[in-house]
Amino acid sequence: MDWTNNTQFFTYIGIIFSSIGATLILSIASFIIATAIALLLSFIEIFGPRNLVKAVEWYVKIVRGIPLILALFIFYYGLPRAGFPLPPLYSAILGIALVDSAYQEQLFRGAIESVSERQVEAAYSIGLTHWGTFRYIIFPQAFRIAIPGWINEFSIVLKDSSIAYAIGVVEVFTQAVHIAQVIADYLKPLLIVSLVYLCICYPLSCVSNRFHRKLLEMGMIGG
Amino acid sequence: MADYILVVEDLWKFYGREAVLKNVSFTVRRGETKVIIGPSGAGKSTLLRCINLLVKPDRGRIILDGDIITGRKDVHSIRSQIGFVFQHFNLFNHLTAIDNVLLGLVKVKKLPREEAMRKAEEALLSVGITEDLWRKYPVQLSGGQQQRVAIARAIAMDPKIILFDEPTSALDPELIWEVLNVMERLSRNGMTMIVVTHELGFAVKVAHEVMFMDGGTIVERGSPEQILLSPKNERIRRFMERMWYLYSLDIQSRAV
């Protein structure tokens, strides 16, 4: 078999494209779970009692030290031994979510901490309570500050999701490799799958930059 | 005591072992404008911050309109009765001019939307911020406009007193005038104000009393003419000579 005529070319492209959905489900699901965990942890680290703060710090340290593929293997090969067999897709979602939650926690904590002290003082000076200051000043500003990094983080998760190949999840990268093996030509399928990642990541990075510029203009970051 | 809106008694504040406020005592009458001058590091800002409890004093009492506010639990409701205008304006970056003013009215004073809107508009107009600027974000405004919005934010809350912490120090000379002008009008209309500033012209024109602070204490106080033109204290005289030189004014010709 080779990749000589248009019909085959489009068949293979069709097969690769049909797995984009799987890649998106995998990355969006793990990304959202990671965001939920990270938000909770970052609130705890900033507002929580001391011992919980320590716990979160250790969580971040430990989880950041785990290679992604190891996290996936733990969920896929390790959990069945503990009596929780999980299908590959779920293992991948949980593995990526676990690791990414540590990175997102740092992102959110950084955003909350980077809300200027002057803004907080002004909020107190008009009589807002701690909660009111958080609700009306810190959170809305931190939310905006976090957006560019959060979008970039999604690009990273999207690309990292290709590691799910290692536990047999059929997503776009896996599909490309399979085709490569069948037609004994790695270059073309891999270039095509590269383009797929690029076409998703590039617009995201443009959007992220836009938000970043907006924040600079609004004076919420960088001075 | 009834005509004193603010009484500060024997106020002390330490940072580590260093006292930044030492035995500061003074009173402010209803409708009075008090100007505090002095070199940087004298404790002027710390004093203002203690009065609205942004900084917790270590010793002494502050009495606002008959209530002892030091050591009280409800600091937030006390702060809502004291306006504060910052050197760097500190407008909320993510809110438009009018939303900056509305926030305290709606979320702290819990006024109904319509009434809050009316008060906010009134406050903005009173500092010369016209309707075309209401929907602009702080970055879209000049420094002078931002500071006037910040003053409106303080006025709208109907505070018992407004504290100004070097309100014109971060402004271009051209813009200083428009802010001082607003403050002067505020003072003439009977607002009680404590103003930390280096604007001697403002002090001469508007202040009822000037206090000179240095090293965490009030070194001398008196009428603007007395402190600015013929201070008893040598340290103040030197400071004033430099200030007048800075403003290209001959100290002799300033005789009032």
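Just so it is clear, none of the values below were taken in a lab; they were calculated from the coordinates. Since the model is a prediction, treat every value here as computed from it, not as a measurement. Don't worry about glycine lacking a Cβ; one is built from the backbone with ideal geometry, like all the others, and counts go over all protein chains shown.
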Where does chain A land at 222 nm, in deg cm²/dmol rounded to the nearest 500, when only DSSP H runs of n ≥ 4 count, each adding -39500 (n - 2.57), divided by all residues?
-> -25000 deg cm²/dmol
Mind pulling the angle between the C-alpha long axis of helix A:172-183 and the longest principal axis of chain A? Nearest 10 degrees, somewhere in 0 to 90.
-> 20 degrees
Where a ≥ b ≥ c are root eigenvalues of the Cα gyration tensor, a/c under 1.5 meaning rounded, otherwise prolate if a/b exceeds b/c and oblate otherwise, the stretch B:28-109 counts as oblate
Average partner coverage of A:134-143, which counts Cβ from other chains inside 10 Å | 2
Using alpha carbons only, how many degrees (0 to 90, rounded to 10) separate the axis of helix A:139-160 from the longest principal axis of chain A?
-> 20 degrees
Compactness of the protein assembly as shown, expressed as Rg and Dmax over alpha-carbon positions, Å | 30.7, 104
What are the residues whose amide H is under 5 Å from the amide H of residue B:84, where those residues sit 5 or more places off or on another chain and H is modelled from the backbone?
-> B:163
Sites residue A:13 and residue B:135, calculated FRET efficiency, Cβ-Cβ separation with R0 35 Å, nearest 0.05 = 0.10
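Give me the net charge of residue B:211's neighbourhood, meaning all other residues with Cβ under 11 Å from the Cβ of residue B:211; Lys, Arg count +1, Asp, Glu -1.
Its environment carries a net charge of 0.
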Counting alpha carbon pairs within less than 8 Å and at least 6 residues apart, what relative contact order, in whole percent, applies to the stretch A:6-218?
-> 28 percent
How large is ³J(HN,Hα), in whole Hz, for each residue of the stretch A:76-84 in order, when computed from phi with the Karplus curve 6.51 cos²θ - 1.76 cosθ + 1.60 and θ = phi - 60°, using x for Gly and Pro?
-> 8, 9, x, 4, x, 5, 8, x, 10
Using only Cα atoms, tell me the angle between helix B:143-156 and the longest principal axis of chain B; keep it within 0 to 90° and round to the nearest 10.
-> 80 degrees
For chain B, averaging the sequence separation of alpha carbon pairs under 8 Å that lie six or more residues apart and dividing by its residue count, the contact order in percent is 25 percent
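Using the count of nearby Cβ atoms within 10 Å as a rough guide to exposure, how do B:3, B:165, B:99 rank from fewest to most?
With the sparsest Cβ surroundings first, the list reads B:3, B:99, B:165.
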Per residue of the stretch B:232-243, in order, report the coupling 6.51 cos²θ - 1.76 cosθ + 1.60 (Karplus, θ = phi - 60°) as ³J(HN,Hα) in whole Hz, putting x for Gly and Pro.
-> 7, 6, 4, 4, 5, 4, 4, 4, 5, 4, 5, 5
Under 5 Å between amide H atoms, partner at least 5 residues away or on a different chain: which partners does residue B:65 have, H built in plane at 1.01 Å?
-> B:6, B:7
Rounded to the nearest 0.05, what FRET efficiency is calculated for residue A:113 and residue B:61 with R0 set to 30 Å and r the Cβ-Cβ distance?
-> 0.30
Dividing the alpha-carbon radius of gyration of the stretch A:54-156 by 2.2 N^0.38 Å (N being the number of residues), what value is obtained?
-> 1.44
Any idea what % of Cα-Cα pairs in chain A are farther than 25 Å?
-> 52 percent
Neighbourhood charge, 13 Å Cβ-Cβ cut-off, centred on residue A:147 and excluding it, Lys, Arg +1 and Asp, Glu -1 = +3
Shape of chain B, Cα gyration tensor, a/c cut at 1.5 | oblate
Please list the non-local residues whose amide H lies under 5 Å from the amide H of residue B:33, H modeled 1.01 Å from N, same-chain partners needing a gap of 5 or more.
-> B:193, B:208, B:209
Using θ = phi - 60° and Karplus 6.51 cos²θ - 1.76 cosθ + 1.60, couplings along the stretch A:195-205 (whole Hz; Gly, Pro as x) | 4, 4, 4, 4, 5, 8, 6, 4, x, 4, 5
Shielding by partners - mean other protein chain Cβ count within 10 Å, residues of B:82-94 | 5
